[in-house]
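Structure first, then comments.
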Amino acid sequence: MKQAIAVLADFIALPLALWTALALRLESWSPEVASFWPAFVVSALVCLPAFGFLGLYRHVVRHMGNHVMWAVFQGATICAIVVATTAYMVPLRGFPRSVPIIFWLLTVLYVSGSRMAVRSYFQWARNRMRHRESVIIYGAGRNGVELARLLVRQGEYTPIAFLDDAKTRQKRLIDGLYVYAPRALNKILQDTDAHLVLVAVDSSAITNRKRIIEFLQPFAVRVQLIPDVVDLATGRQTLSNTRDVKIEDLLGRSEVDPLPHLLRGSVEQRNVLITGAGGSIGGELCRQIIHLRPKRLVLLDQSEYGLYQIRRELEGIAAAEELDVPISPVLGSVTNKNLVARTLATYDISTLYHAAAYKHVSLVEHNVIEGLKNNTFGTLYTAEAAMEAGVENFILISTDKAVRTTSIMGASKRLAEMTLQALQAHTDVTCFSMVRFGNVLGSSGSVVPLFLEQIDKGGPVTVTHHEVTRYFMTIAEAAQLVLQAASMARGGDVFLLDMGQPVKIHDLAEKMIRLKGHTIKGADSQDGQIEIKITGLKPGEKLREELLLGRKVAGTAHPKIMRGEEKFLPWTELRLALESLETVCNDYDFQAIRTFIDGLLEVSDLAAQLTELRPDAQVVTLKPN
């Protein structure tokens, strides 16, 4: 039906274009055209099939693009040639020779113009039916201008203004939009209904983007970052890929290119085992290691679902990138001595990344025995099995909560660190090392997803203490640094990752709320939209975390990896304390366990406290009451 209407419209437009051409040439609105009737006949009967052959009637008018103009130009040219040939062959006496040229121009105008008019009507009607959100674009450079044009074409948003830091662009009109200085944002928000700012700056300019985000944070606008305009224009990404500001953007951490020889050093063409492979850190280690082409990748995890997910993902990566890396999943716990020993022997493991741990501070506080068994004794069993199997490299993923700890989880990890340090003197084959860092973004224990969930529900956003601070790092960066640290290990090393500046969690919550376009109840006004609620520190939680026990720290070959020197007990002494602790854990003697752990938490250095425990006194200290 629509094609028939288009054909009928052209059937009328083509003779009309010829009549108009004659009227213009003869300078009369009532020209004598009766003798020129053959030209009128061929203008319709010959030209319509030509347009059909060129595919003009296959295009949907409301979605018609500029490429349709090429078909119109070709069809109009054919029409003009046919009319001129008819006038010459018949012949049509008195037919002006310039009329075919005028007819060509008018045919292009009438045929394309009618379609453009219909397309414009559909767009106007669609925009009237759908509310178009007003947006402000930060950045009037190439990215911003291309974004504005794209928004107009797609019709979902209406750009109303540009913001730009460059004075050379300010107070100018670009594509009809005025370019304001950033300080004018408050007035723009008061004068318009805009509640969204799209940041159109190069994604590689991390520092600049962080500065812009910090500037926008106090305003009651939602801030979103767009993909690279090149990806938008080529269709690799769409405006649906715009995203809210993440904590990574707020941190603005500058990335340091990895050192290839350090990345490959401990995994390339080796049999590698990752414990806790289904977790956030273990999973990211797996993703990065598989690209480094190990001989075999063995995954160990006690979560069936987590193991299934990471195995499936890795097999997909291997297939897509044609990586010949066998993947062997092992379901079980690191507290199963026989399973760990058999796994190491069966797959002839050369490098072991020990990421298996219970890491939620409050949960471990309420599950003391399981926390100690998994984190401390699971590490001990795995380390002893590694020594027996001749594993060359053993890398423990540790935490800043092990430093001057106030929690069971932190104590369990510090004991795990000391176990490896003490065992190092008893092996010439296995090189033990540990990598200590703070919170990783996107992990199962990260506060960021919780904040986002609470904001989306309308609050309140819960913060434990107004002054609590934490270090943050992305999972990908942490895993990359762990791999490089492992290649620099000499035995018993404690590696510290450069976590940047600590972040105040209360300030982080405020920024996340405001950048989502909401106001804070109490801080902005009593009528604010979302409340920040202080809940109090949880059991075992500290106000501030540290990465180093002592003061001795040295640099390494990588600028973001440091090597610390810390005290630890000889294995002969530490073993007796661990044996006593294991006994009371197996007996579920919570009182004895608490007495032992409380003694550890009363001093700043775990090794110093254990040193005070003599072998004969340790059993008494840990003896069930």
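The numbers here are math on the coordinates, done by the rules we state, and not lab data. No experiment lies behind these values; they were computed from the predicted model shown. Note that we place each Cβ from the backbone using ideal geometry, even for glycine, and neighbour counts take in every protein chain shown.
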Long-range HN-HN contacts of Leu396 with modeled amide H, under 5 Å | His354, Ser433, Met434, Val435
Each residue of the stretch 105-112 in order: what ³J(HN,Hα) in whole Hz does its phi give by Karplus 6.51 cos²θ - 1.76 cosθ + 1.60, θ = phi - 60°, with x for Gly and Pro?
-> 5, 5, 4, 4, 5, 5, 5, 6
Taking the highest mean first, how do the peptides 407-420, 262-275, 304-317 order by number of other beta carbon atoms within 10 angstrom per residue?
-> 407-420, 262-275, 304-317
Within a Cβ distance under 11 Å of Leu452, other residues only, what is the Lys/Arg minus Asp/Glu net charge?
-> 0
To the nearest 0.05, what FRET efficiency results for Ser303 and His466 with a Förster distance of 45 Å applied to their C-beta separation?
-> 0.80
Under 29 Å from the Cα of Lys413, which lysines turn up, not counting those fewer than eight places away in the same chain?
-> Lys337, Lys359, Lys373, Lys401, Lys504, Lys538, Lys542, Lys552, Lys560, Lys567, Lys623
Would you mind getting me the FRET efficiency between Gln154 and Leu109? Use the beta-carbon distance for r and R0 = 35 Å, nearest 0.05.
-> 0.80
Surrounding charge for Ala422, neighbours by C-beta under 9 angstrom, Lys/Arg +1, Asp/Glu -1, total 0
For an R0 of 45 angstrom, estimate the FRET efficiency from the Cβ-Cβ distance between Asp507 and Asn338 and round to the nearest 0.05.
-> 0.35
